[in-house]
Amino acid sequence: MLPKGKVQQGGDTNKNKSSVTRVLIILGLCGFFYVLGLWQRSGFGKGDRIAIGVTKITECITLSDLIYDTPENYIDGGDDIKGHNYMPCDASFIDHTPCHRRGEGQERHCPAPQEKLQCLIPAPKGYATPYQWPESRDYVPRREARFPEGLDAYIDELSSVIPFHNGMIRTALDTECGVASFGAYMFKKNVITMSTGHESHSQVKYAMERGVPAIIGTLATMKLPFPSGSFDMAHCSHCLIPWDTQDGMYMMEVDRVLRPGGYWILSGPPINWKNNYKQWQRSQVELEKEQRNIEDTAKLLCWEKKYEKGDTAIWRKRLNCSRLDTRSATAAVCKSTNSDHVWNKKMEKCVTPSPGASPSWKPFPERLNAVPSRISRESVEVFKEDNRLWKKHVNAYKRINKILDSGRYRNIMDMNAGLGSFAAALDSPKLWVMNVVPTISQEASLDVILERGLIGIYHDWCEAFSTYPRTYDLIHANGVFSLYKNVCSTEEMLLEMDRILRPEGAVILRDEESVLRKVKRIVRGMRWKTKMVDHEDGPLSQEKLLFAVKQYWVEGDTNTTYST
C-alpha cells in the first residue's frame, strides 16, 4: 500500500520513472522464472524427463493485468530476518508416515507434539520424478493378481450393469485398494476414485506414484473421513474386510457414505464360494454363512441385488427406503444429529437415515458447476460468486506458472478447499485435486465438493496427512495459515507440506501479507525457492501470493544450500 499522505502525481517525469521501474521489475520476474525453469531441469541423478520438456515452454510474457512489486509496495525485499536452517532427517525416515507407524494397528496414531520430527524428510538416492500420466497408470511394481482377466475386461463387465456412460457415476470409493489399479483404469470412464490402502507394503505410495488418488486407511473401528451420502459407487475386490462380522457394521459404514441410487461392488470371497472354496482353502459352511450374512445386511440397508456372475456381485442402494426391517436386532437408526461429524469418531452399529427426498443428482460434467442440491437458497449467489472468483484466481496462477496445466503436476492438493471451486476451475484429465476440508472450518462443505463430482477428505492440519512422503506434485493453500493461527504451529504445518511434496514440486499460498512473510522466513531454511507477489487485483489488497518450488535434493546431498 502507499504510505499515508503520499499522492501519485501526474507529471511526465514520474510517469516515465514508473514505466521504467515496471519494465525492470517485469524483466526481473521473467529472468527469475526462466532461471527457475532451467533449475527444474538441473539436479543430481534424477532423470526428470518432464522437467526438461517443461523448460522448453517456459518463455517470458508480459502480464498486463497483474501488479507486481513497486518502490511504494516492495514485497519481496527488505526482509533480512534470518530463519532456521532445517537439517535432513536420518535416512531411516525416508518413507516416514507419522500417524501410521507399523506395529500400532490399522487406525491413525499420531505422535505427541514433543515427538514430532523437526527435520526434513530426504528423498532416497537416485530419486526420479515418476512417469507422466497416462504412462504412469500402467507402471505396476508387482503383478495385480486380483484382476486375472485384466482391468478393462473387469470394468466392461461392471459397465453392463452400472451406467458409466451417462455421467451419473462420477465418484467412487475403493476399500483396501492394493496399488489402486481399479481407480487407475476407472479414469477411462471419467470416474474418479478415492482409494484406501494399508500402511504395510507401501500400497498407497505406489498408487500415488502412478498418479491415482489414495490415502492410508482401512475399515477398522473409526468412521471414514467422508460425509454421508456422497459417493456414487463403492468397490471391494479381494479386500479381506470381514463384511459379515460386527453385526454388519462395516456395510453400514459403506451405506453411510453411499448416496441413494449408488452401487456397491463385491468381488472375491465369499462370492462364488461353491466353485472357489478349495482355492481359497476355506470351508463351504463358513463361506455359505458369510455370504448369507452379507445378503441379509444388504436387505436391511435397502440394497437391491442387481447382478451376480462369477466372482462378482453388485447391489444398488434404493433411491427411497421408507422403513427399515424392524424384525432385525441390527436395524437401529443412528441417533446422531449431524452424520457428517465423523473426524475421529467411532463407527456405530446403526443405519444412517437417508434424507426425506433424494437429492437431484446431475450427470458429470454438468454437476461440476451446477448449483449443488445441498446448497441452501440463501447461499446460491455465494456459490456462484465463489465459482467466478476461483476461475479468476486460477487464470492468474496460470499466467505466473505457465506449466500449471501442462501435465507436469498430476497429484494436486488443496489444503483448504472451501466449496471446491479451485479444483473445478482447474479441472483437466491431466490432473486431479485432493480437496481437503479442515475439521476446524466453519462450514463442513465436503458434501458439496463430492456432489460436484470432485473428491476430498476431512483433515486436521495439526496432524500429519494420511499419505507417504513425496506424493504430491503441487500444494495449494488459501488462508490455511490464518485459519490455524493460535491453533497449531505454522512451522509444523510447513514441515508436513515439505514431507508430502515431491522434489521440484510447487506450492501456491494465498494469505495475508504478514502471515506469508512469516511463512517465507521459515521456508528459507527448508530448501524452497520462493517469490511473493501482489494480489491479482493490485497492491492495495492485504491478501498476497507466495509461489515456491521445493529444490531437488536426496539423502546425503550436501550440494544444495539451505537458505535462499
Region 373-402 residues that are of a type in the set (Asp, Glu), paired with ones that are not in a helix (DSSP H, G or I) (beta carbon under 6 Å, 6 or more apart): 386/419
Identify, from the list 257, 212, 191, the residue that is hydrophobic (A, V, I, L, M, F, W, C), in contact with a strand residue (DSSP E or B) (Cβ under 8 Å, 6 or more places away or on another chain), surrounded by 22 or more Cβ atoms within 10 Å (Cβ to Cβ) and closer than 14 Å to residue 457 by Cβ. 257
Please name all residue pairs, on different chains or six or more residues apart, with Cβ atoms under 8 Å, provided the first residue is in region 83-95 and is of a type in the set (S, T, N, Q) and the second residue is assigned to a helix (DSSP H, G or I) and surrounded by 13 or more Cβ atoms within 10 Å (Cβ to Cβ). 85/525
Top-ranked residue in region 165-186 [being more than 14 Å from residue 235 (Cα to Cα) and out of contact with any Gly (no Cβ under 9 Å at 6 or more places or on another chain); ranked as least open to solvent (accessible area, probe 1.4 Å)]: 166
Assess whether residue 358 counts as being surrounded by 15 or more Cβ atoms within 10 Å (Cβ to Cβ), small (Gly, Ala, Ser) and either modelled with pLDDT under 95 or on the phi > 0 side of the Ramachandran plot (or both). yes
Do we find a residue being under 14 Å from the mean Cα position of the chain (by Cα), open to solvent by less than 10 Å² (accessible area, probe 1.4 Å), under 21 Å from residue 183 (Cα atoms) and charged (D, E, K, R) anywhere in region 395-416? yes
Within region 482-504, does at least one residue satisfy the condition of being assigned to a strand (DSSP E or B) and among the small types (Gly, Ala, Ser)? no
Can you find a residue in region 217-227 that is in contact (Cβ under 8 Å) with a residue 40 or more places away in the chain, outside any loop (DSSP other than H, G, I, E, B), open to solvent by less than 10 Å² (accessible area, probe 1.4 Å) and within 30 Å of residue 374 (Cα to Cα)? no
When residue 71 is run through (1) open to solvent by 60 Å² or more (accessible area, probe 1.4 Å); (2) at pLDDT below 50; (3) closer than 26 Å to residue 549 by Cβ, the failure sits at (3)
Can you pull out the residues in region 132-144 that are in a loop (DSSP other than H, G, I, E, B) and at pLDDT 90 or above? 132, 133, 134
Name the single residue, out of those in region 514-543 being part of a loop (DSSP other than H, G, I, E, B) and surrounded by fewer than 18 Cβ atoms within 10 Å (Cβ to Cβ), that is farthest from the chain's Cα centre (by Cα). 540
Test of understanding: among 240, 151, which residue is at positive phi and of a type in the set (A, V, I, L, M)? 240
Qualifying helices (runs of 4 or more DSSP H) (wholly inside region 354-453; at least 3 residues being among the acidic types (Asp, Glu)): 380-400
Just a yes or no: is a residue in region 455-469 under 22 Å from residue 95 (Cβ atoms), open to solvent by 10 Å² or more (accessible area, probe 1.4 Å) and among the acidic types (Asp, Glu)? yes
All-but-one check, residue 473 against (1) surrounded by 18 or more Cβ atoms within 10 Å (Cβ to Cβ); (2) outside any helix (DSSP H, G or I); (3) touching a helix residue (DSSP H, G or I) at 6+ places or on another chain (Cβ under 8 Å), failing number (3)
Go through the residues of region 369-381 one by one and say whether even a single one is more than 16 Å from residue 510 (Cα to Cα), crowded, with 17+ Cβ neighbours inside 10 Å and in contact with a Gly (Cβ under 8 Å, 6 or more places away or on another chain). no
Identify all residues within region 272-324 that are in contact (Cβ under 8 Å) with a residue 24 or more places away in the chain, open to solvent by less than 50 Å² (accessible area, probe 1.4 Å) and not in a helix (DSSP H, G or I); write none if there are none. 272, 301, 303, 307, 310, 312, 313, 314, 315, 317, 324
For residue 510, which of the numbered conditions (1) free of Cβ contacts under 8 Å to residues at least 24 places away in the same chain; (2) crowded, with 17+ Cβ neighbours inside 10 Å; (3) not aliphatic (A, V, I, L, M) fails to hold? (1)
Would you mention how many residues in region 228-254 are open to solvent by 10 Å² or more (accessible area, probe 1.4 Å), of a type in the set (Ser, Thr, Tyr) and farther than 26 Å from residue 449 by Cα? 1
In region 145-160, which residue that is open to solvent by less than 40 Å² (accessible area, probe 1.4 Å) and not small (Gly, Ala, Ser) is modelled with the lowest pLDDT? 147
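The values are calculated or read from the model by the stated rules, or taken from the named source; none is laboratory data. Just so it is clear, the structure is predicted and the values come from calculations on it, not from any experiment. No Cβ is skipped: glycine too gets one built from the backbone with ideal geometry, and neighbour counts run over all protein chains shown. These area figures cover heavy atoms from the full protein model, side chains too; ligands, DNA and RNA do not enter into them. Shrake-Rupley method; radii C 1.70, N 1.55, O 1.52, S 1.80 Å.
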